[in-house]
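One structure is given here, and the rest of the page talks about it.
The values are calculated or read from the model by the stated rules, or taken from the named source; none is laboratory data. Just so it is clear, the model here is predicted, and its values are computed rather than measured. Here the Cβ positions follow ideal geometry from the backbone for every residue, glycine too, while neighbour counts run over all protein chains shown.
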Amino acid sequence: MHRRTIAGFNAIALASALLALTAIAAPIDEPTGANVRDISSRRELFVDRYLIDRLDNATLKLHEPQLAPAMTEPADNLEYGTVIKDGELFRLYTREGRGAKFDGDAPEVTRYCESRDGIHWTKPKLGLFEIDGSKDNNVILHEAPFCHNFSPFLDARPNVPPDERFKALAGTVKTGLVAFLSGDGIRWRKLQPEPVVTYTKEYAFDSQNVSFWSESESCYVCYFRHFLDKELRSVCRTTSLDFVKWTEPVPLKPNFDGEHIYTTLTHPYFRATHIYVATPTRFHPGRGESTDILFMTARGNGPFDRTFREAFIRPGLDPARWGNRSNYAALNIVPTGPAEMSIYTTPFRRFTLRLDGFASVHVGADVGELVTKPFMFSGKELVVNYATSAGGSMRVELQDAAGKAIPGFTLADCRNLVGDAIEQPVAWTKGGDVSSHIGKPVRLRIVMQEADLYALQFRPGP
């Protein structure tokens with residue numbers, strides 16, 4: 001990605017705008033210890049207001065995934081699909097109905113495909129199950145009703161046994177959720193015959209029930225479907241320390257009035273695992289059962305953040321995508337390039353965004369600014385994921401918790417940022433070393449023009 005710094009770019013205009021913003025800035029209350037975030041060296045994305053204290057002439061903007069060129073076709077559909085990046089290998093799991101007459105019907109199978117780039121896919125001939133008189137196929141599971149919504153994940157738990165690297169949950173209202181294990185992601189066995197999450201009348205396990213190991217919570221987490229107020233499709237959450245015993249499910253109620261949320265596909269974001277990303281399908285039963293895809297986030301056991309209410313991925317120009325089950329995302333957003341990540345959707349399409357590029361703090365032609373909440377960090381340098389126009393700019397000021405600029409780290413000291421970079425170090429006149437302020441409550445004031453700020457991180461430095 002192109003990057004550069006210009007020390008004197010448009011200095012007079014920017015200085016005048018900064019003076020105007022300073023004159024109207026609201027006073028900042030002295031924070032207490034309980035109000036100080038500790039972000040350590042984690043990457044923080046601007047997908048919510050976790051770090052935001054004040055925005056002046058700036059907005060939070062949801063970005064639109066871009067449809068990528070067609071891929072090689074591995075399957076008929078990607079309904080209840082999962083994409084896992086395992087080292088250099090991309091693994092794809094998808095359901096094939098094969099004429100099934102109901103959810104969990106015997107003809108359903110789970111198929112497996114592989115790719116080295118997330119674009120060109122192959123169907124390995126595994127020889128595991130005889131389908132239509134032949135084992136010359138890529139089927140990894142053929143057991144009703146579990147093929148209906150088999151949803152695997154790569155277990156990130158420390159010291160997980162090699163033959164349990166992959167886990168999955170699957171099942172319907174008749175069976176509850178049954179746990180599966182695998183060492184290679186291809187050959188699967190049940191953890192136990194009995195379900196690990198059982199059915200009550202409020203739950204509906206028939207859609208994709210997703211689970212993962214949470215590094216930030218140090219437990220397994222599962223999000224599954226239920227009916228809110230016996231009417232709206234919604235989501236529950238349960239946790240486990242051993243993938244066998246699960247806590248009483250908690251309804252999360254992320255729905256707005258009258259809104260059906262079908263599946264959530266919640267998973268840790270691969271560059272900031274403390275942030276859970278969700279791409280649920282929003283179901284419109286009163287509009288010909290049409291669907292679109294939303295974007296939500298969560299932090300640990302907190303509620304889903306609904307900062308962005310609008311659709312993330314729309315049905316588009318194709319009339320065939322305006323029906324039921326036409327817009328499902330696959331589980332997991334994965335990196336497919338040095339500056340790119342991919343979202344896979346039905347029928348089998350790939351959408352791309354820049355890394356961390358779900359949303360940004362956005363400023364247009366008139367200068368605007370972001371002031372963060374007070375926080376503590378660890379690291380030697382501040383890096384930002386940002387983009388400006390050729391005429392835009394960004395400057396960063398390090399402040400104390402009360403909002404007073406720290407000498408040597410003021411806006412006037414900051415080297416003006418103009419360009420586009422995934423990881424751009426911020427530097428001031430005396431350099432970019434901020435380690436003298438580790439463990440101290442600070443704020444950032446970031447002034448921008450025609451710019452987007454996607455993420456920031458304090459890292460050890462060179």
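Quick look at the values:
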{"quantity": "Checking Ser326 against (1) assigned to a loop (DSSP other than H, G, I, E, B); (2) without any contact (Cβ under 8 Å) to a residue 40 or more places away in the chain; (3) surrounded by fewer than 21 Cβ atoms within 10 Å (Cβ to Cβ), the condition it does not meet", "calculated": "(3)"}
{"quantity": "Qualifying positions in segment 269-290 - farther than 27 Å from Lys85 by Cα and either charged (D, E, K, R) or buried (at least 23 other Cβ atoms within 10 Å of the Cβ) (or both)", "calculated": "Arg287, Glu289"}
{"quantity": "Single residue of segment 125-143 satisfying the filter (part of a loop (DSSP other than H, G, I, E, B) and among the polar types (S, T, N, Q)) that is nearest to Trp188 (Cα to Cα)", "calculated": "Asn138"}
{"quantity": "Among (1) in a strand (DSSP E or B); (2) over 25 Å from Glu88 (Cα atoms); (3) charged (D, E, K, R), the one test that Arg309 misses", "calculated": "(1)"}
{"quantity": "Total residues in segment 65-104, condition farther than 17 Å from Ala329 by Cα and part of a strand (DSSP E or B)", "calculated": "2"}
{"quantity": "Residue pairs meeting the criteria (Cβ under 6 Å; at least 6 apart or on separate chains; first closer than 21 Å to Asn77 by Cβ, in segment 113-135; second of a type in the set (Val, Ile, Thr) and assigned to a loop (DSSP other than H, G, I, E, B))", "calculated": "His120/Thr72; Trp121/Thr72"}
{"quantity": "Segment 253-268 - residue that is surrounded by fewer than 22 Cβ atoms within 10 Å (Cβ to Cβ) and either of a type in the set (Lys, Arg) or part of a loop (DSSP other than H, G, I, E, B) (or both) and, of those, nearest to the chain's Cα centre (by Cα)", "calculated": "Pro254"}
{"quantity": "Thr172 crowded, with 17+ Cβ neighbours inside 10 Å and in contact with a His (Cβ under 7 Å, 6 or more places away or on another chain)", "calculated": "yes"}
{"quantity": "Segment 417-432 - residue that is within 30 Å of the chain's Cα centre (by Cα) and not in a strand (DSSP E or B) and, of those, farthest from Ser389 (Cα to Cα)", "calculated": "Gly432"}
{"quantity": "Sole residue being crowded, with 17+ Cβ neighbours inside 10 Å, without any contact (Cβ under 8 Å) to a residue 24 or more places away in the chain and assigned by TED's automatic domain parsing to the domain that holds Glu202, chosen from Arg321, Arg225", "calculated": "Arg321"}
{"quantity": "Ser207 vs. criteria crowded, with 19+ Cβ neighbours inside 10 Å, assigned to a loop (DSSP other than H, G, I, E, B) and among the polar types (S, T, N, Q)", "calculated": "yes"}
{"quantity": "Pro441 being at pLDDT below 95 and not charged (D, E, K, R)", "calculated": "no"}
{"quantity": "Those residues of segment 433-462 which are in a strand (DSSP E or B), closer than 19 Å to Tyr50 by Cα, more than 22 Å from the chain's Cα centre (by Cα) and not charged (D, E, K, R), in sequence order", "calculated": "Val442, Leu444, Ile446, Val447"}
{"quantity": "Close pairs (6 angstrom Cβ cut-off, 6 or more residues apart or separate chains): over 19 Å from Asp420 (Cα atoms) in segment 335-351, among the aromatic types (Phe, Trp, Tyr) and surrounded by 22 or more Cβ atoms within 10 Å (Cβ to Cβ) anywhere", "calculated": "Thr346/Tyr328; Arg350/Tyr344"}
{"quantity": "Members of segment 118-141 found to be at negative phi and exposed (fewer than 12 other Cβ atoms within 10 Å of the Cβ), listed by number", "calculated": "Lys125, Ser134, Asp136"}
{"quantity": "Number of positions in segment 380-407 that are in a loop (DSSP other than H, G, I, E, B) and touching a residue at least 24 places away in the same chain (Cβ under 8 Å)", "calculated": "5"}
{"quantity": "Residues satisfying the stated conditions in segment 347-379, i.e. touching a Lys or Arg at 6+ places or on another chain (Cβ under 7 Å), not hydrophobic (A, V, I, L, M, F, W, C) and not in a strand (DSSP E or B)", "calculated": "Asp356, Lys373, Pro374, Gly379"}
{"quantity": "Residue within segment 190-201 that is outside any strand (DSSP E or B) and in contact (Cβ under 8 Å) with a residue 60 or more places away in the chain present", "calculated": "no"}
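Per-residue answers, yes or no, for (1) small (Gly, Ala, Ser); (2) within 16 Å of Tyr454 (Cβ to Cβ):
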site	(1), (2)
Glu369	no, no
Lys373	no, no
Gly379	yes, no
Ala387	yes, yes
Arg395	no, no
Ala401	yes, no
Leu411	no, no
Glu423	no, yes
